[in-house]
Amino acid sequence: MLRERMKVFAQPLRFVSVGAFTAAVYLGGTLLLNGALGVPIQISIAVAYALSLILHFTLQRLVVFNHGDSYALMTHHQAMRYLLVAACLYAFTAIGTAVIPEFTSLSARVAYVLAALTSMVISFTTLRAWVFHEG
């Protein structure tokens, strides 16, 4: 019984762990490129973001939603859907951060946290059902 309960939480925990690791790589990569290598911060952000996006896709595919060889979509189709989901969730978070304070008494920072947390839930369910689903 406990083993079955743990299975229910295993995938979401892997999702959160991969997200945290990817965020650390993104932040650390940005600071390393800028601080240690002297790359301008704007370029450092773009390079580290691109690398972390590739890392996140790869880890989601291999660690979080691993189905071996039984994915419904080929890798390049998964990548296209993944990028579409990422772009939509970025827009969702940005719009939510701008709009929520207009209609509530919440600050932009609180609105951002709410939008980002909602985005994470949407990301998990969308990646599982639409991008990395089993064939």
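When the gyration tensor of the chain is built from Cα positions, what are the square roots of 5 times its three eigenvalues, in whole Å, from largest to smallest? Before the final figure, lay out each step's value.
Numbers: eigenvalues 144, 96, 48 Å².
Ellipsoid semi-axes (Å, largest first): 27, 22, 15.
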**Asked** Under a point spin-label approximation (7 Å from Cα along Cα-to-Cβ), what is the A116-L53 distance to one decimal in nm?
**Response** 1.8 nm
**Complete:** For the pair S105 and Y90, the simple spin-label estimate (label points 7 Å beyond Cα toward Cβ) gives in nm 3.5 nm
**Item:** Environment charge of R81, counting only residues whose C-beta is closer than 14 Å and scoring Lys/Arg +1, Asp/Glu -1
**Value:** +2
**Prompt:** When only C-alpha pairs under 8 Å and at least 6 residues apart count, what is the relative contact order of region 70-135, in percent?
**Reply:** 53 percent
**Prompt:** Which whole-number percent of Cα pairs in region 1-64 have a distance greater than 15 Å?
**Reply:** 56 percent
**Fill in**
Sorted by chain and number, the residues with a modelled amide H under 5 Å from that of Y71, at a separation of 5 or more or across chains, are G135
**Two-site label geometry, L37 and H67: point separation in nm, points 7 Å out along Cα→Cβ** = 3.6 nm
**Prompt:** Can you give the calculated 222 nm mean residue ellipticity of the chain, where each DSSP H run of n ≥ 4 adds -39,500 (n - 2.57) and the sum is split over every residue, rounded to the nearest 500 deg cm²/dmol?
**Reply:** -25500 deg cm²/dmol
**Complete:** Shape call for region 70-135, from the Cα gyration tensor axes a ≥ b ≥ c (a/c under 1.5 means rounded, otherwise prolate when a/b beats b/c, else oblate), comes out prolate
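Only the coordinates and a few stated rules stand behind these numbers; no lab work does. The shown structure was predicted, so the numbers you read here are calculated from the model rather than taken from an experiment. As a convention, Cβ positions derive from the backbone with ideal geometry for all residues, glycine included, and neighbour counts pool all protein chains shown.
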